[in-house]
Each structure stands twice: as structure tokens, then as C-alpha cells.
Amino acid sequence: MSRQSYQIGVLGTGFAGTITGLILKQMGYEVVLVDRSRHPRFAIGESSTPIADRILAKLCDQYDLPELRPLTAYGSARQQSEHYRVGPKRGFSYFSHHSQPNHPKDPQTVSHSFDAGDREQQLLVAASQCEELSDTHWHRATVDHFIAQCAVRRGLDLLEDVDLRSIELETSSAWRLRGTHDDEELDLRVHFLIDATGRRSPLASSLHLPEETDQLRTQSGAVYGHFKDLDRSDTWFRHANTSDEHPFPCDDAAVHQITTTGWMWQLRFDHQITSCGWGLPRQYMPRPEEDLTIWWQKRIEEFPSLRQQFSDASVVAPEGGLQHVPRLQYLRKVISGRGWAMLPSSAGFIDPLHSSGIAHAMANIERLTALFPGAGALPSEACLHQYGKNMKHEFLWIDLLVSACYEALFDFRLFQRVCMWYFLAVIHYERQRLSGSQSPPAFLSANCQDLQTVIRKHLTDLPRREDGPLSRHQINRLNSDYREAMAPFNHADLLSTANHPFYQHTAAPGK
Ligand SMILES: Cc1cc2nc3c(=O)[nH]c(=O)nc-3n(C[C@H](O)[C@H](O)[C@H](O)COP(=O)(O)OP(=O)(O)OC[C@H]3O[C@@H](n4cnc5c(N)ncnc54)[C@H](O)[C@@H]3O)c2cc1C
């Protein structure tokens with residue numbers, strides 16, 4: 001095969017790589033997209049947020065990509081069902097379950113791990129005012145396939161089923177990529193490489209990039225898959241007659257089933273498929289040789305309400321059944337350099353808790369593409385260095401917020417309060433963006449020193465699991481301490497007695 005040349009090569013055609021390629025193509029660059037697999041393929045990371053929607057909408061308008069704009073709200077996305085599948089996400093729902101290892105297995109005996117009549121066992125945070133404007137769960141196989149098809153229609157070359165054997169810096173300004181494509185020899189020359197391939201980044205291997213994962217506090221793994229016929233959580237409330245207080249239908253959300261030893265996400269799509277996965281501190285993960293299906297069954301047996309919910313459910317994707325990542329976190333020491341840059345999925349990852357993944361990818365797509373001056377010119381080394389530095393800072397901030405939530409799992413009332421640190425950072429960031437400053441602020445206000453100082457202080461004083469569940473007095477005290485200290489950033493009256501635990505008015509304007 002003769003050698004082909006492009007200005008930009010994007011490795012990895014998840015939504016992040018492909019949208020980046022599309023933008024650069026719109027700016028006049030010659031772009032090739034390269035992927036090891038072929039669309040449609042299973043992918044995880046499905047929960048969009050108001051920030052993700054807002055950035056994507058801005059990028060669609062700025063770079064004239066109207067075909068992607070329906071993805072920015074559920075009302076428009078659901079009308080595209082001939083192209084891709086989505087589900088409504090009105091906000092975040094959290095329900096606390098108590099382990100009952102020895103509960104009777106007799107189906108006639110009613111046993112619950114979750115008490116639908118108890119407000120203290122729930123937390124609902126709205127992210128939108130109505131279903132039409134709400135965020136969406138992206139069924140990634142079909143969404144990513146659709147975006148890749150858009151790229152091809154816009155004239156990008158998409159090479160799938162590529163096995164990259166080597167990536168070399170041939171001259172100071174050209175990379176040479178060799179391997180096979182559809183079993184034929186591939187020989188590509190590109191002047192700038194963008195890597196959005198994920199954890200096993202081939203660029204990181206070629207450049208022997210070290211990791212700095214030991215800097216991260218969060219230590220969790222996941223077991224996950226797509227299920228059909230999962231019962232809805234609102235069944236519990238209908239039986240208890242207590243759903244009236246909820247600010248939105250609780251299943252039309254990123255649902256978190258919380259236990260003291262980990263949590264489960266449940267993201268519903270419109271075609272009766274639900275993405276489910278356990279996020280667990282590492283010590284509670286299955287052993288390497290353990291059968292995941294048996295492990296899953298055993299784990300939900302401990303929580304009768306979940307067992308009941310899963311009684312008719314079965315795994316439908318991915319093809320190999322339940323998947324398992326022993327530790328989710330990773331962070332590269334270097335994220336960008338002269339002639340190359342990584343998007344977040346290749347640079348690092350913290351945890352699915354609170355769904356920061358898609359939004360963080362969008363924020364960095366926005367920032368990276370803004371570094372390209374157009375007219376064929378490439379970003380300067382200094383800008384790329386700053387890009388990498390900022391992203392690393394953001395990962396460390398997400399890590400801090402998420403690890404605090406894991407540390408608080410032992411007492412759900414504490415967990416509710418610590419989750420508010422995260423929502424506070426999210427809402428503050430939304431405000432900063434809406435205030436219209438020239439360059440986008442750091443993701444989740446990662447550069448806001450005052451907010452960081454307050455949260456770091458409370459993290460140091462966070463009650464520990466070994467001290468056992470907190471008294472009501474301690475919880476009330478913490479609540480008022482957090483509320484007072486965070487007042488300058490608390491734009492949505494979080495932690496107020498009037499709102500807690502059902503937050504209706506947290507949506508950003510226009511959402
Ligand atoms: C268990 C888990 C749960 C998650 N949950 C959430 C969540 O709830 N919400 C959220 O927002 N985020 C979540 N994430 C994060 C989410 O996965 C990422 O944010 C998102 O997938 C990033 O998208 P992407 O397009 O950058 O990369 P990916 O979707 O990972 O796509 C990478 C692409 O690169 C290709 N590729 C891989 N290796 C090579 C190679 N050597 N050569 C060429 N191509 C290659 C792959 O085939 C794939 O198409 C989760 C992640 C994990 C692991």
C-alpha cells in the first residue's frame with residue numbers, strides 16, 4: 001500500500017475522538033480517524049450532564065455541525081431513534097440499601113433492603129426542569145456509530161479494524177503509523193496525533209509514557225453490563241405510596257443504588273435496556289478467578305430489594321457477558337507534547353460516580369480544538385504543555401471529590417452531604433461558564449482556590465468508617481458546618497432543610 005499523508009491523525013473513534021476530528025475537518029484540516037474495532041461496538045460511559053450538553057451545543061453551533069445538536073437534549077435526541085438510542089436523564093437519584101445477608105429466600109416473605117418510606121434513605125438532585133430539555137443516557141454503540149457516519153459524510157477518512165504495529169516520530173514534524181487495515185498493510189504519515197483510545201493508548205506505549213496513578217486517592221473497580229427487563233425503582237415508591245415528593249420520575253435519571261460497601265449505577269435507555277454496574281472499593285471486587293455471573297447474583301442476594309428488582313433481568317451486552325475492571329483509576333504523567341495530545345480517556349480516568357466522563361471529554365475537546373490556529377497551522381508546544389497541565393489538575397480535583405464520596409459510603413446521611421461538595425463544584429462551574437469569560441474555566445472549578453481550600457479542610461476532618469455511623473446530632477452539626485463554609489459558592493441552596501433531600505431547583509438556566 002502506498003503511504004498516505006494527513007495533517008492530523010485521530011486514534012480512537014469513540015464520540016470524543018470523532019467529534020474532535022469533525023471539528024478540525026470543519027476548520028480546514030485534513031484528518032484521518034483510526035480505530036482498532038468497527039462500529040457499532042459496545043462502549044461504556046453513557047451518562048451525559050448539563051455541562052456536556054452545553055459544551056456540545058456550543059461546539060455544534062461554532063463549527064456548523066447541526067447533525068449532532070439533537071444529542072444535546074433528550075427531547076430532540078429521542079426523535080432520532082432510527083439513528084441511535086438514548087434514555088431520559090432528569091438528574092441524579094440515590095437510594096440507600098442495607099445489607100441483609102441472612103434474609104429469608106422464601107418469595108412469600110417480604111423483605112426489603114431499602115425503605116421507600118424513609119426520606120433519609122434517598123437523595124434526588126434535579127439537573128433539568130422538564131423531560132424535553134433534560135440530559136440523556138447515550139447508548140454508546142449506536143451513538144458512536146452515528147457520529148462516525150457523520151464524520152464519513154463530512155469527508156473524513158475513517159479506517160476501522162486497524163491493528164497498529166508501530167507509531168514513530170519520523171522527523172521532528174511527522175509521525176509514521178504502520179500496521180494493518182482490514183488485513184492489508186497500512187502506512188500513514190501525519191503531522192499531529194490525537195489519542196482518544198482509552199487506557200491502553202498505543203501512543204503512550206510507543207512513547208513509554210509513565211503513569212502517576214499512585215497520586216490518586218480513589219481506589220475502585222467495576223463490574224458491569226447491559227441488562228434487559230430490569231424492574232423500575234419507582235415500584236418501591238408506588239407500593240409505599242411515597243413517590244409524590246420526588247422532583248422527577250426517579251428512574252429517569254442516573255440511578256445510584258448505594259450500599260456501605262459500594263454502589264450500583266442504573267441508566268435506562270428507551271429500548272428496555274439498562275446499563276448496570278457496581279462501582280466498588282477494591283477490597284470488595286471479585287477475586288481474579290471468580291465467575292462474574294455467580295459473583296453478581298451473590299452480591300444482589302445480600303440486598304433483597306435489588307434481588308427483587310433483578311428477578312427477571314438478564315445480561316444482553318457486551319457479547320462476552322459481564323465485564324470487570326479491577327481498578328478503574330489511571331493517570332499519565334505527561335498528557336501532551338510537541339505534535340501530539342491526548343483526550344481525557346487516554347490521559348486518565350477516575351470513576352463513574354456522578355458521571356463526569358462525557359462532560360470532561362467535551363470540556364477538553366473544546367480546549368484542544370481551540371489551540372489549532374487554522375490555515376493548516378498546528379498548536380504551539382507551550383499551549384500544548386498548558387493543556388496537559390490543566391487536564392491533570394482537573395483529574396486530581398475530580399479524584400478528590402469522588403474519593404470523599406467513597407469514604408463517606410459507610411453512613412448514607414454523611415454520603416448525601418459529601419455528594420453536595422461535588423454538586424457545588426458542578427454548579428459553580430456552570431455559573432463561571434455562563435458568566436461569559438473569554439476562555440472556558442477549568443472543569444468543575446478545578447482552579448478555584450477558595451473552593452478547594454474549603455473542601456480540603458472538610459476532607460481532612462471527614463468522619464472515618466472505623467468510628468461507625470454518626471449520631472443525628474453529628475449529622476446536623478456537619479450539615480450546618482458545610483453549609484456555612486460553602487455559602488460563597490452555594491448558588492442552589494444546597495444542604496438547606498427546606499430542600500434536602502429532594503433538590504428541585506438545581507438546574508442551570510436553559511436546562
Ligand atoms: C466502568 C466504567 C464506567 C464509566 N461510566 C461512566 C459514566 O457513567 N458516565 C461518564 O460520563 N463516563 C463514564 N465512564 C468514562 C467513559 O468511558 C469515558 O468518558 C468515555 O468512554 C470516553 O470516550 P472516548 O470516546 O474518549 O473513548 P472510548 O469510548 O473509550 O473509545 C475509545 C476508542 O478507541 C479505540 N481503540 C482502543 N485501542 C485502540 C488502538 N490501539 N488503536 C486504535 N483504536 C483503539 C476503541 O476501539 C474505541 O472505539 C466510565 C468508564 C468506565 C471504564
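The values are calculated or read from the model by the stated rules, or taken from the named source; none is laboratory data. Quantities reported herein were computed from a predicted structural model and do not represent experimental measurements. Heads up, the Cβs are rebuilt from the backbone with ideal geometry, glycines too, and the neighbour counts pull from every protein chain shown. Keep in mind that these areas ignore ligands, DNA and RNA; they rest on the heavy atoms of the full protein, side chains included. Shrake-Rupley method; radii C 1.70, N 1.55, O 1.52, S 1.80 Å.
Report, by residue number, each residue of segment 266-286 that is away from the ligand (no atom under 13 Å from the Cβ) and without any contact (Cβ under 8 Å) to a residue 60 or more places away in the chain.
Gln272, Gln283, Tyr284
Between a first residue in segment 9-25 that is at positive phi and part of a loop (DSSP other than H, G, I, E, B) and a second residue that is at pLDDT 95 or above and of a type in the set (A, V, I, L, M), which pairs have beta carbons less than 9 Å apart while being 6 or more apart in sequence or on different chains?
Gly12/Leu33; Gly12/Val34; Gly12/Ile194; Gly12/Ala196; Gly12/Leu343
Check off (1) buried (at least 16 other Cβ atoms within 10 Å of the Cβ); (2) at positive phi for Gly468 and give me the number that stays unchecked.
(1)
Kindly indicate whether Ser345 is more than 14 Å from the ligand (Cβ to nearest atom), within 24 Å of Lys89 (Cβ to Cβ), open to solvent by 20 Å² or more (accessible area, probe 1.4 Å) and modelled with pLDDT of 95 or more. Steps first, answer last, please.
Working: more than 14 Å from the ligand (Cβ to nearest atom): no; within 24 Å of Lys89 (Cβ to Cβ): yes; open to solvent by 20 Å² or more (accessible area, probe 1.4 Å): yes; modelled with pLDDT of 95 or more: yes.
Taking the combined requirement at face value, the residue does not satisfy it.
Residues checked against (1) more than 14 Å from the ligand (Cβ to nearest atom); (2) open to solvent by 10 Å² or more (accessible area, probe 1.4 Å); (3) under 15 Å from the mean Cα position of the chain (by Cα); (4) within 30 Å of Gln122 (Cα to Cα):
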position	(1), (2), (3), (4)
Ala363	no, no, yes, no
Gly376	yes, yes, no, no
Lys389	yes, yes, no, no
Glu394	no, no, yes, yes
Leu401	yes, no, yes, yes
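Looking at segment 205-228, is at least one residue assigned to a loop (DSSP other than H, G, I, E, B), buried (at least 20 other Cβ atoms within 10 Å of the Cβ) and away from the ligand (no atom under 15 Å from the Cβ)?
No, that holds for no residue.
From the list Arg287, Arg299, which residue is more than 28 Å from Gly14 (Cβ to Cβ), open to solvent by 10 Å² or more (accessible area, probe 1.4 Å), in contact with a Phe, Trp or Tyr (Cβ under 9 Å, 6 or more places away or on another chain) and not in a helix (DSSP H, G or I)?
So the residue among Arg287, Arg299 that is more than 28 Å from Gly14 (Cβ to Cβ), open to solvent by 10 Å² or more (accessible area, probe 1.4 Å), in contact with a Phe, Trp or Tyr (Cβ under 9 Å, 6 or more places away or on another chain) and not in a helix (DSSP H, G or I) is Arg287.
So the check is Cβ under 7 Å with 6+ separation or different chains; which pairs have a first residue in segment 36-62 that's without any contact (Cβ under 8 Å) to a residue 24 or more places away in the chain and a second one that's more than 9 Å from the ligand (Cβ to nearest atom) and open to solvent by 10 Å² or more (accessible area, probe 1.4 Å)?
From residues that are without any contact (Cβ under 8 Å) to a residue 24 or more places away in the chain, the pairs are Ala57/Arg69; Ala57/Thr72; Cys60/Pro66; Cys60/Arg69.
Select, from Trp263, Trp236, the only residue that is among the aromatic types (Phe, Trp, Tyr) and either within 13 Å of the ligand (Cβ to nearest atom) or open to solvent by 60 Å² or more (accessible area, probe 1.4 Å) (or both).
The unique qualifying residue is Trp263.
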